[in-house]
Structure formats: structure tokens, C-alpha cells
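A.B. asks: First the structure, which I've put down as C-alpha cells, then a few questions once you've had a look.
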Amino acid sequence: MFYSRPKIEPFGWDLLEMPTEKGSKNYDATTSDGRPVDFRFSGGWLTVKIGPISAKKTDCPQSHLMETVLYQPIAPFGIMDILPEQICDILGITVQGKKISAEYGRIGDRGFDWTGTTTLLHQSVYTTTTG
């Protein structure tokens, strides 16, 4: 299977500040109109949830108030490295009106390139035993 930069329709959101880390590869942010946002990256899947305007972050995580707007595999299983700049770039999110680019972001410890300049061939290896 081939993997490259995911093609996701730009969200068009503007954040008050760069998403802040909330655990391993999970980030929190707030949109300029006051909506809490939760970004989670695990096992190659990116999940994005957003809450209602003016809701407190403490009211929303793991709550019925958060709406899932994206749940999509964006990398091979096992890729664990993604930076907030890369999330913003992939999703077409600005911070204080400024476009964020992943072009100069670091490549993670497993070598995945979020800029889209490289395509990765990922093959699953299955073994079977007979007895």
C-alpha cells in the first residue's frame, strides 16, 4: 500500500494559538470563535473533535459535547510522530490568521514525511503456521 500526504479538504479554522500537547501525540486548541478542539493521533489514525462555542476545555474532553469531524487513517500503523504544525498544515488550519507549513518540520523517528514530497510503500507481512 502506498502512503503520502493525506488529501483532506481544508477545515478553514483559525486557532488562537498553536495546539498544545495533552499526552502522547494528543493536542488541544481553541478556535478564534471560542470552540475547544481536540486532535488525537494514534496508530496512523487522526481524530479531530470540536466543541460548542465558549465551552470550557474541561467541560468537553471525552464528553458528548464534542463532535467528531474527522476520523481517518493518514499514515501506516506504527507511525507515532506528528507535530501540531503538521496537523495544522494537513488540515488547512491557520493560527492567528497565519498559514502554518509542515515543509520544514522534522521527519519523525520512523521516517514518515508529512510534507507530501515522498511516497512510502508500506507492506504488511503476514506469517502463517501449519501444525
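A.B. asks: Could you tell me how many of the residues in the range 1-42 are farther than 18 Å from residue 78 by Cβ and open to solvent by less than 60 Å² (accessible area, probe 1.4 Å)? Break it down into steps so the answer makes sense when it comes.
C.D. replies: We begin by selecting, within the range 1-42, every residue farther than 18 Å from residue 78 by Cβ; these are 7-23, 27-39.
Then drop every residue that is not open to solvent by less than 60 Å² (accessible area, probe 1.4 Å), which leaves 8, 11, 13-15, 18-19, 23, 27-31, 34, 36-39.
Here the count works out to 18.
A.B. asks: When you scan the range 28-47, how many residues do you find that are in a strand (DSSP E or B) and under 14 Å from residue 66 (Cβ atoms)?
C.D. replies: Of all residues in the range 28-47, those in a strand (DSSP E or B) come to 28-31, 36-42, 45-47.
Restricting the remaining residues to those that are under 14 Å from residue 66 (Cβ atoms) gives 28-31, 36-40, 47.
The total comes to 10.
A.B. asks: Next up: If you scan the range 50-107, which residues turn out to be part of a loop (DSSP other than H, G, I, E, B), modelled with pLDDT of 70 or more and open to solvent by 100 Å² or more (accessible area, probe 1.4 Å)?
C.D. replies: Hits for the range 50-107 are 53, 64, 77, 96.
The values are calculated or read from the model by the stated rules, or taken from the named source; none is laboratory data. Everything numeric here is computed off the predicted structure, so don't read it as measured data. Here Cβ is always computed from backbone atoms with ideal geometry, including for glycine, and neighbour counts include all displayed protein chains. Each accessible area value is taken on the protein alone, full model and side chains, heavy atoms only, with ligands, DNA and RNA left out. Shrake-Rupley method; radii C 1.70, N 1.55, O 1.52, S 1.80 Å.
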